[in-house]
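These notes concern the structure reproduced below.
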Amino acid sequence: MSFKKDEEAGGMSFYHDKSTILQEARVFNESPISPRKCRALLTRIVYLLYVGETFSTQEATTLFFGVTKLFQHKDAALRQMVYLVIKELSTIAEDVIMVTSSIMKDMQPNLEVVYRPNAIRALARIIDAQSVQSVERFFKSALVDRSSSISSASLVSSYHLFPLSPSIIKRWSNEAQEAVNAKSVSSFSASSYVSGGGSGGYQAVASSSYIMQYHALGLLYLIREKDRMAITKMVQQLGSNGKSNNIIKNPMAMCMLIRFARKVMDEDPNVRKQMHEYLESLLRHKSEMVNIEAARVICEMRDVQPGDLYRTVAVLQLFMNSPKPVIKFAAVKTLNKLAQILPQSVATVNVELENLITDSNRSIATYAITTLLKTGNEASVDRLMKQISSFMADITDEFKIIVVDAIRSLCLKFPGKQAIMLSFLSGVLRDEGGYDFKHAVVEAIFDMIKFIKDCRETALAHLCEFIEDCEFTKLSVRILHLLGIEGPKTRNPTKFIRYIYNRVVLENAVVRAAAVSSLAKFGVCIDDKAVMKSVNVLLRRCLDDVDDEVRDRAAMYIKVLEEKSLADVFVREEATFSLGQLEEQLVSYVKDETKHSSAFDVSSIPRVSKEAAAAEIAQNRSSALDIAGPSTPKPESSAQASTSAEAQSSSYAAQLAAVPELESYGPVLRSSSKPVELTESETEYVVSAVKHIFKEHVVFQFNVSNTIPDTVLEQVAVIMNPSPDSGLTEDFIVPIDSLSAASGNSVVYVSFTRDDPATYAAGTFGCTLKFVSKEIDPNSGEPEEEGYDDEYQVEELDLGAGDYITPTYVTFSSEWDKLAESASLTETFALSSSESLKDACKSLIEVLNMLPLGGTETPTSNSVHTLNLAGLVIPTNEHDKSTKVLARCRMTYSPGSGVTLELSVRAENEQGARLVMAAI
């Protein structure tokens, strides 16, 4: 009857506010306890917590201890609700550990009650790191319990306890392994709950889910995560040795094992073939979930070849004819991702993909058609575009973005079809849609303008029409900025000025300011005095604007139009600051009070081209095609490398500041952009080096790792033997006290003083790793007391010109002319070791560590080439600022004599010019 009343109330009984529930909590103190009333109130508390209601610490504590009084009653359903509320309130209330003893009574191994799993989960939320050891016995027995619900509860709780006390949880690996290997398990019947509770309401039935295998695998991986060999061994034992069908029976556990196999393949190429064969065997597994996961991992393998994919594509081809929409969706999505890297392998299933275009599930149809766009030929583009247009109105913005991304890729693949694609994009731009969708369309048109010059004017015209009625300020600003850059380059640039000035008249302040900047670029970049005069008139009208930003921009650009030198700096300048370096230097300046007596020196900040900065932003922009799931790793671009180098440099500065011995050295002037590998990655000891240049010192940082699990290295140091003319004197070594396989990378610092800080020290260093080697006692896990001295020879390390130079971007021709009166050197060299101009360019860039400009790093001729380079040389004692250095490398190549180089160097001081010249 009570259930009937609740149904008639339409669920409104839950919609009570917090104060009402806190008042009604008196029901917990009644005697005798009413299980039905208490269950209803507990349900309302949980409901409030789940909808986001917040309880203060005092309110939560009062409720928490009121709820604990319900432990007096034996009703099973009530006890389950009690544990649910305790678990939720435990993160807010105080002194929750006091309820541990009550929970422990329900965790006894011989107690067969339906709420024992709930007790285990609640206890894991209650206890702290110090209490984990006291409950270890209970958890270890529950891990291997014959009931799958108890075993799973204990496994999941152990997973959550791992961050609190990893050393104790690691001791439970044998029990977790036993849970993976479990053969006969049981679970609780739902009838025990419905029957009204009591300890006698327990029934056990056989379970066919084996869900505890999934949870046990997760815990085992967490325990062994840092041990690559242990993970590899686990995957081989459970999977690739052919016994997996007898051990792992849960499909989700199989999927987890597949992901472990992928990780092992990525980290150890030696087992790739074995793992690939294992994954292919799983394509015939009885579970479709396992088939899909195995196929996905094979398709996303690193450097996957078409020959590896025949069986996988055949299985996915069968799944595309499945009556289950979810299977079809998974198959076509996997093929969609594969088509990005190997379209020829997916082209074999184009017939099935064509059939899915008309599928009633629009998500499947979207993926099918975007896959066909990647695999089809130029002749099929028109037909596919018509089919896309027919259902664009029926799909959500998320899938519209995927379609637009696919079309953007197709534009670059088939430039000849740009007209039809541009027409389609301009059409969907006028349709209804959110910001993300419109942003994706605008970015696609931007890419077409950048890479397909034939469509520039048409595309700009479509964008001008769009901003006439654009509701998104950000997009209007982006389009106006692009118009300012690309508009002056068109055949009839003046037609765009009207659209831009309309924004000054009709839009909000942010868009008006962007329009002013765009107008000014037309005045500066178009070599026509009539246009400049017209733009000047329009800008003067903006001086009366109500917004100060618009007025200030207008005033500044009027001045820029009148003075050509200002135009070169503010409009035509092709370089911008490297933002990562700028941020790092500013933070350093603000924190160091000794620098505040002088102004911040912006000349020492490296510059990058605006194209490189834009490429960096584009690289960080996620593609809609990568939604919901990991994609194949992409090669690192130069923009990404630049960003990671900046982040690494900032990280090094923080590490060096934490070393007491280096405190007196002052700020680090330059650190290596990437570590120099001194050993192979597969050797027993892996060593890499980073060079840090200070005002009067050079510090070498050696990153050392020990890959031998049963050995500990102590007093680890690197002995460096510099060449006689290096100009450096060793100060001290900061060794590593102890280094084990589990500790990962540790650092040795070796410090040298520059004999003459006014010159740039250079030389070659012999390096030897010295340490005391101790075996680990297998019983205690501790290193033995006695060890032996040992040493390990690593590669030599060079210190050269590139370690004192930071790459920077400049406009080469103008800067080269500006330095005509400065220090200048020219010499001729024979680069007999270089077999081509391309090799010579690569070697010069690597040795000098300077930035190649204007695409000159790629020779366009096999016989003659000029490479232009720019960099900033760090200061010596005589110069407080970094100085600019440019190099012009004129090269000729003949098969008989190799590469002949004429190197001309111009620098702001002679030291910098000599540094570059001496490096060759």
* To the nearest 10 degrees, how steep is helix 148-161 against the longest Cα principal axis of the chain, on a 0 to 90 scale? -> 40
* Rounded, prolate or oblate: which fits segment 234-354, taking a ≥ b ≥ c as square roots of the Cα gyration tensor eigenvalues, rounded meaning a/c under 1.5, else prolate when a/b beats b/c? -> oblate
* Hey, how many Å between the Cα centroid of segment 28-85 and the Cα centroid of segment 436-460? -> 59
* How big is segment 315-474 by the Kirkwood estimate over distinct Cα pairs, in Å? -> 16.2
* To do: Let me know the shape class of segment 733-833, please: from the alpha-carbon gyration tensor, a ≥ b ≥ c as square roots of the eigenvalues, rounded when a/c is under 1.5, otherwise prolate if a/b is greater than b/c, or oblate.
  => prolate
* Structure fact -> So the angle from the long Cα axis of helix 435-451 to the longest Cα principal axis of the chain, reported in degrees to the nearest 10, equals 30
* For segment 403-526: span of alpha carbons on each principal axis (Å, largest first) -> 37, 32, 15
* Asked: Measuring with a 1.4 Å probe in the full set of protein chains, what accessible area per residue, in whole Å², belongs to the chain?
  -> 48
* Report, in debye and to the nearest 20, how large the dipole of the chain comes out about its Cα centre when Lys and Arg carry +1 and Asp and Glu carry -1 on their Cβ. => 4220
* Among 695-706, 844-855, 428-439, 817-828, how do they line up from the highest to the lowest mean number of other beta-carbon atoms within 10 Å? -> 695-706, 844-855, 428-439, 817-828
* Asked: Mind checking the alpha-carbon convex hull of the chain and giving the volume per residue in Å³?
  -> 252
* Take the eigenvalues of the Cα gyration tensor for segment 470-562, scale each by 5, and report the square roots as semi-axes in whole Å, largest first. => 19, 16, 10
* To do: Any chance you could check the Cα centroid distance between segment 315-371 and segment 530-595 for me, in angstrom?
  => 51
* Consider just the alpha-carbon atoms of segment 652-799 and return their Rg together with their Dmax, both in angstrom. => 16.2, 58
* Asked: How many percent of the accessible area of the chain is carbon or sulfur, using a 1.4 Å probe?
  -> 51
* **Value of relative contact order over segment 55-171, rounded to a whole percent, pairs C-alpha under 8 Å and six or more apart** => 23
* To do: Please give the helix 362-375 orientation as an angle from the longest Cα principal axis of the chain, in degrees from 0 to 90, rounded to the nearest 10.
  => 40
* Coordinate range along principal axes, alpha carbons of segment 803-918, Å, largest first -> 46, 25, 24
* Structure fact -> Rounded to the nearest Å, the spacing of the alpha-carbon centers of segment 837-902 and segment 270-301 is 48
* Structure fact -> Computed about the Cα centre, the charge dipole of segment 652-799 from +1 Lys/Arg and -1 Asp/Glu charges at the Cβ has a magnitude in debye, to the nearest 20, of 960
* Structure fact -> Two pseudo-spin positions, 7 Å from Cα along C-beta at Ser287 and at Thr860, lie apart in nanometres by 5.9
* To do: Quick one: net charge around Ala294, please, counting Lys, Arg +1 and Asp, Glu -1 for every other residue with C-beta under 13 Å from its C-beta.
  => 0
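The values are calculated or read from the model by the stated rules, or taken from the named source; none is laboratory data. Values in this document were obtained by computation on a predicted structure and should not be read as measured data. As a convention, Cβ positions derive from the backbone with ideal geometry for all residues, glycine included, and neighbour counts pool all protein chains shown. Heavy atoms of the whole protein, side chains included, go into the accessibility calculation; ligands, DNA and RNA do not. Shrake-Rupley method; radii C 1.70, N 1.55, O 1.52, S 1.80 Å.
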